[in-house]
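Below: one structure, written as structure tokens.
The values are calculated or read from the model by the stated rules, or taken from the named source; none is laboratory data. Everything numeric here is computed off the predicted structure, so don't read it as measured data. Ideal geometry is used to build each Cβ from the backbone, glycine not excepted, and the neighbour counts take in all protein chains shown. Ligands, DNA and RNA are stripped out before the accessible areas are found, and what is left, the full protein with its side chains, is counted by its heavy atoms. Shrake-Rupley method; radii C 1.70, N 1.55, O 1.52, S 1.80 Å.
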Amino acid sequence: MTEQLLVARDLRRSFTSGGRHVLALDGVSLTIAPGETLGLVGGSGCGKSTLARVLTRLMAPEAGSIAFMGEDWLALDGARLRAARRQMQMVFQDPLAAFNPRATVGGVIADALRIHAVVPRAERPKEVARLVERVGLPSDLLGRSIREISGGQRQRVAIARAISVRPRLVILDEAVSALDVSVRGRILELLVGLQRETGVGYLFVSHDLAVVRAVSHRIAVMAAGRIVEEGPAARVIAAPSSDVLIDLIGAVPRLNRNPRS
Ligand SMILES: Nc1ncnc2c1ncn2[C@@H]1O[C@H](COP(=O)(O)OP(=O)(O)OP(=O)(O)O)[C@@H](O)[C@H]1O
Ligand SMILES: [Mg+2]
């Protein structure tokens, strides 16, 4: 058996706000193998972004364990944590919140290359230009500040930054949701091509089942902080068992095999 890239076990996380207690993660377990895409779908508020944040250690779980590349990810610190961080990148649902809005497009990507010493300093500008081109952004955007570009452009900058450090795993939280159909197609092709080249794994979080179906090897369905269904993408969609997935399939005309029944 090949070693799993990521193994999360029984993750729990709750929030209390306005006197209300929400169990955002109620015992979530999942695995991602090298070169695999796990699609994660579920309705708004079911806990997808919380899971993404806990997996990337932006937020601590109250219980549970995460092994990443065979190491106890939640226990890593110091230099080993910094080295491992390069290997797990995240593209946020709200890319503006993830950037310094005054930073430039070129600066954001160059910083990632510098921090993780991906290429020698002299090659950085060329590498930045190559990445920007790969995500389909015009080179005259390089000097623009993050707040002066559109949401879809920001999302592509975030994707360029995430892949710039050649990670082993990328967690994409609604990463293509703000893109128009043609740009989205191009980005999905880029992600799939990169996976073939490098064996990168993806956790692909989206409310758009058609997009998830197109890129995922396996699909996990979340509802109220739990994974309620999980399996190979084709099988899960052909024979959904959870109400959430049945509803999601019904909402996508081309996945709905019996639209009139
Ligand atoms: N920082 C927080 N403080 C309080 N409650 C939170 C916080 N973050 C998330 N929650 C709550 O936890 C639950 C899960 O939220 P989460 O953002 O993970 O959902 P989601 O599946 O990503 O939803 P969406 O599809 O709308 O992005 C929700 O009830 C949300 O209100
Ligand atoms: Mg979310």
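The residues of the stretch 38-47 that are within 10 Å of ligand 2 (Cβ to nearest atom) and open to solvent by 20 Å² or more (accessible area, probe 1.4 Å), listed by number, are 44, 45. Is one or more of the residues making up the stretch 152-167 open to solvent by 70 Å² or more (accessible area, probe 1.4 Å), at pLDDT below 95 and in a helix (DSSP H, G or I)? No, the stretch 152-167 contains no residue that is open to solvent by 70 Å² or more (accessible area, probe 1.4 Å), at pLDDT below 95 and in a helix (DSSP H, G or I). Does the stretch 51-79 hold any residues that are open to solvent by 20 Å² or more (accessible area, probe 1.4 Å) and within 16 Å of ligand 2 (Cβ to nearest atom), and which are they? Answer for the stretch 51-79, where residues must be open to solvent by 20 Å² or more (accessible area, probe 1.4 Å) and within 16 Å of ligand 2 (Cβ to nearest atom): 53, 58, 59.
Here's the yes/no breakdown for (1) of a type in the set (Asp, Glu); (2) more than 16 Å from ligand 1 (Cβ to nearest atom); (3) open to solvent by 60 Å² or more (accessible area, probe 1.4 Å); (4) assigned by TED's automatic domain parsing to the domain that holds residue 42:
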{"residue": "207", "(1), (2), (3), (4)": "no, no, yes, yes"}
{"residue": "215", "(1), (2), (3), (4)": "no, yes, no, yes"}
{"residue": "224", "(1), (2), (3), (4)": "no, no, yes, yes"}
{"residue": "227", "(1), (2), (3), (4)": "no, no, no, yes"}
{"residue": "241", "(1), (2), (3), (4)": "no, yes, yes, yes"}
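Consider residue 95 carefully, then state whether it is on the phi < 0 side of the Ramachandran plot and surrounded by fewer than 21 Cβ atoms within 10 Å (Cβ to Cβ). Here the answer is no, as residue 95 does not meet what is asked. Please indicate, with yes or no, whether at least one residue in the stretch 214-232 is more than 30 Å from residue 22 (Cβ to Cβ), part of a loop (DSSP other than H, G, I, E, B) and modelled with pLDDT of 95 or more. Yes, the conditions are met somewhere in the stretch 214-232.
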